[in-house]
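Below: one structure, written as structure tokens.
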Amino acid sequence: MKRRLPVKTTLVSLLVAPAAMAQQSPTPAGATPAPDTTPPATETKPADPSAAPATLAPVTVTGTRPSEDFAKPASALDRVGDLRDTPQSVTVITKALMQSQGSTSLTSAISRVPGVTVGAAEGGQIGNNINLNGFSARTDLYLDGMRDSGQYYRDTFALEEIEVLMGPSSMLFGRGSTGGVINQVFKKPSLTPKEEYSASITTNGLKRGTFDINKPIDDQSAYRVAAMLQQGAATTRNQSDVLDFGVAPSYKFGINTPTEVTLYALLQHNHDQPDYGVPPVNFYPAQVGRNNAYGFSDDRTEQDVIFLGARVLHKFNKDVSLRNQTQLNYVNTNARETAPQSVGTVSASGVYTPIGGGQTNLPLSSLYVRQQSHDRNIFTWSLYNQSELNAKVDTGPVNHAILAGVELGYESYYNQNYARNGSCNGTALGSAVATTGYVSCTSLLTPSGFDPGTPQIATNLATAQAKAFAGYFNDTITIIPEVKLVGGVRYDVYWSQIGNSINLQNTPGNTTLGYAERTDTFTSVRGGPIFQPDKVQTYYASYSTSFNPSLEQLVSTTGTSQPLPPQTNEAFELGAKYDFLGGNLQVTGAAFQITQQNARSQNNDGTFSATGTIQVKGVRAGITGRITDEWQVWGGYTYLDARITNGIGAGTTGMVPLNTPRDAATIWSTYTFAKTYEIGGGVTYLGQRYANNTDSTVVPEFYRVDLTAAYKQPTYDLRLNIFNLLNTYNYDAIIASDGGRAVPGSGLTGMLTYVHHM
């Protein structure tokens, strides 16, 4: 009998194999080139010290690689810089990788990164809800290093790349960042002309078009415009139609002068259908058809996004620069959404009765789903300004790379909630005065999607505002070329104020605070040594802290007459980074521990409750780059041992935090023949997760296989992506409320993309 290797063992073997092959390269990484024995053609005189410095003509080097790189040696952010000098794990998702994998949204682009899991719309929160290393990162999204706090669904059409920094990063980015931060890098103008147009169609019927035009105006200025339009079914699931469009113009002047100015904007409209997944039955997501959806066919989420930014960079000399950046973010979300709130039975007289704890011996065909409305009109806007000084200073034998900055910010939040109180088979689902939002019921096995037309009534109006100030300083000290020390400190002040119309008097016993005002201050630190014995090896140790203010998400906490205390976080990390094949292939590894005090979790009404203390111990490994000019690879593995070590609430101590798998791994690889034909693909594995903090709803493990093939010509590319080749029944996202719901992933899907470039 043949032995079968477990999926996780196979994935880890795939990650290790390229690194092992790289070490067998016959060319030593540190080989010394042979001396040039060619005699000088002429004898030259010493340069006149009073003469003006010579100006060298620019030299353009054209590479011969058949495809763009998956790997990137440096961050697009000055404050991060060379990834070898960053004492934490960083995963960069380049434009080439996004195109290869067929990623068109932020969620699809980062969902393959081990350590990343996806949550869905919850309470008052709409848009991208992402977990890093077991901790929520909903407020840890950035655009060009500035906080991107709006509640909207982010596309990739305006992005050059995405950077995922693992672990607490408050010293660099401010409040939050417990599990890490996600930085989106905006497309910017350059003096290199470029035009690119693309058209895609999927087997689901989704049609998508984009263009990206970069035009120099003169030798010091240029403009760039990227745009997107898509329409159709986003997944194989029912009720997943979208109609989205956006444009991202930018203008840059003063290029290659001491002062460069960049103006940029993102204007986007989304008309999507929300997906609240399937409810739990008997401790698992209900075993129903993968395309079952429990909303109404006319549910929708309308979003309008206005993002304006200005960046001024002045270089005093090659070692000193000053950057000032301002960003305004405005998002309006108008949602009419229906979710599966519980599973139960319906009597002959039409009375709905939920089954206790989601457990039953009844056949699924006799069960019904009670549907609940989640309607709201949300306005959020934020304004942030950041000034940052970068300087390289020599103090005798010791060199310093100094970063100093100041940040000011303001945020505003307005959320008018609505409820639709309806009936099930003609029997009211609530009392005449209750605002439960229970709107209807439908069969668990064969949901109808029928909208009974129940009218909306206004319920709670939640409003909030916040002001933020921070100052920070970081120094990377080079003691000797092989040894560096990194140390930094940041001081944050965060003032916030919230109000809820349903409990203006803060009535005792009411779970929602009517009014709260609070100021939180915190000092974040980061420090550790970096040892680089040569140009291909880096070893580091780091300690860092971060915090999450009490009212950071600008919504209420529950259970007390005052907001919950701030979350405080600390992390330890030991890691190594290696460059092989002349720097073309990077392999990284790290062990870490993150502890969060005063943790909290979100409720289905948008409020938060105390969770306790959460600790995550883990290891991660990554590989990215080229094994040969034709063969590229990208992948990683993460192991998370996560526990609620001091739980608040019944049955949470010792449990695994929701949406935190123990094992996650991915591998993606492509090979190009004759610079024309590309084939590739990968496997993504995600281990078992829980949909709530009591571990009572289990979301099973899965692995998914994706493939790609491309035909490349000088002026166009034709690419085919096959998603979920084996049609694996997996769950993409988790919603913690109502016992823990899970959103099934899309089934087997093909996408054909034509790209014309010049």
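Read-outs throughout are calculated quantities, based only on the coordinates presented, and are distinct from any laboratory measurement. The structure displayed is predicted, hence computed values, not measured ones. Backbone-built Cβ (ideal geometry, glycine too); neighbour counts: all protein chains shown.
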Seminar exercise, completed: Taking r as the C-beta separation of residue 593 and residue 334 and R0 as 35 Å, the FRET efficiency to the nearest 0.05 is 0.25
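Applying 1/(1 + (r/R0)^6) with R0 = 41 Å to the Cβ-Cβ distance of residue 65 and residue 519, what FRET efficiency is obtained, to the nearest 0.05?
Working: r = 53 Å, r/R0 = 1.30.
About 0.15, to the nearest 0.05.
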Problem set entry | Leading residue at positive end of dipole, segment 157-266 (Cβ point charges), from 171, 259, 239 | 239
Exercise. What dipole magnitude, in Debye to the nearest 20, does segment 349-479 give about its Cα centre under +1 on Lys/Arg Cβ and -1 on Asp/Glu Cβ?
Worked result: 520 debye
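If the viscosity is 1.306 mPa s and the temperature 10 °C, what Stokes-Einstein diffusion coefficient in µm²/s follows for segment 422-471 when Rh is the Kirkwood radius over Cα pairs? Kindly include the intermediate steps, with their values, before the conclusion.
Details: Rh = 14.3 Å.
It diffuses with D of about 111 µm²/s by this estimate.
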Exercise. So what J values fall out for segment 87-92 if you push phi through Karplus, 6.51 cos²θ - 1.76 cosθ + 1.60 with θ = phi - 60°, rounded to Hz, Gly and Pro as x?
Worked result: x, 6, 7, 9, 10, 10
Seminar exercise, completed: For residue 318, the aspartates and glutamates lying under 20 Å Cα to Cα, once residues fewer than eight places off in the same chain are dropped, come out as 78, 82, 85, 260, 388, 394, 475
Exercise. Near the amide H of residue 456, under 5 Å away, which other amide H atoms are found, from residues 5 or more places off or on another chain, if H is placed in the peptide plane?
Worked result: none
Problem set entry | Two-site label geometry, residue 383 and residue 318: point separation in nm, points 7 Å out along Cα→Cβ | 4.1 nm
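By the gyration tensor of its Cα atoms, with a ≥ b ≥ c the square roots of the eigenvalues, what is the shape of segment 143-222: rounded for a/c under 1.5, prolate for a/b over b/c, or oblate?
Numbers: a/c = 3.15, a/b = 1.32, b/c = 2.39.
Oblate shape, in that a/c is at least 1.5 and b/c is the bigger or equal ratio.
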Problem set entry | segment 432-552: radius of gyration and largest Cα-Cα distance (Dmax), Å | 26.0, 76
For this session: Under 1.5 on a/c is rounded, so check that first for segment 166-315, then, if it is not, pick prolate when a/b is larger than b/c and oblate when it is not; a ≥ b ≥ c are the square roots of the alpha carbon gyration tensor eigenvalues.
Result: oblate
Exercise. Dipole size in debye (nearest 20) for segment 637-758 around its Cα centre, Lys and Arg Cβ +1, Asp and Glu Cβ -1?
Worked result: 200 debye
Seminar exercise, completed: Summing -39500 (n - 2.57) over every DSSP H run of at least 4 in the chain, dividing by its residue total and rounding to the nearest 500, the 222 nm mean residue ellipticity is -1000 deg cm²/dmol
Exercise. What full-extension length gain, to one decimal in nm, is calculated for residue 271 and residue 450 as 0.36 nm per residue of separation minus the Cα-Cα distance?
Worked result: 62.5 nm
For this session: Apply the Karplus parameterisation 6.51 cos²θ - 1.76 cosθ + 1.60, with θ equal to phi minus 60°, to every residue of segment 145-162 and state each ³J(HN,Hα) to the nearest whole Hz, in sequence, with x for glycine and proline.
Result: x, 10, 4, 10, 8, x, 8, 8, 8, 8, 9, 9, 4, 9, 9, 7, 6, 10
For this session: Would you compute the Debye intensity of segment 177-264 from its alpha-carbon atoms alone, equal scatterers and no solvent, and pass along log10 I(q)/I(0) at q = 0.23 Å⁻¹ to two decimals?
Result: -1.02
Problem set entry | Alpha carbon centroid spacing (whole Å) that separates segment 459-536 from segment 75-116 | 23 Å
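Mind checking the dipole of the chain: about its Cα centre, +1 per Lys or Arg Cβ, -1 per Asp or Glu Cβ, Debye to the nearest 20? Please list the in-between numbers first.
Values: 54 positive and 60 negative charges, 225 e Å.
Rounded to the nearest 20 debye, it is 1080 debye.
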Seminar exercise, completed: As straight-line cross-link partners of residue 467, the qualifying aspartates and glutamates (C-alpha separation under 12 Å, not fewer than 8 residues apart within one chain) are 407, 411, 492, 517, 520, 552
For this session: Would you compute the Debye intensity of segment 265-424 from its alpha-carbon atoms alone, equal scatterers and no solvent, and pass along log10 I(q)/I(0) at q = 0.09, 0.10, 0.20 Å⁻¹ to two decimals?
Result: -0.57, -0.64, -1.22
Exercise. Helix 7-23 sits at what angle to the longest principal axis of the chain, using alpha carbons and giving 0 to 90 degrees rounded to 10?
Worked result: 10 degrees
Problem set entry | residue 89 long-range amide H proximity, modeled H, under 5 Å | 166
Problem set entry | segment 734-739 - phi-based ³J(HN,Hα) in whole Hz, Karplus 6.51/-1.76/1.60, Gly and Pro as x | 10, 10, 6, 6, 6, x
For this session: Identify all aspartates and glutamates with a Cα-Cα distance to residue 712 below 17 Å; exclude those on the same chain that are fewer than 8 residues away in sequence.
Result: 68, 69, 195, 196, 629, 630, 678
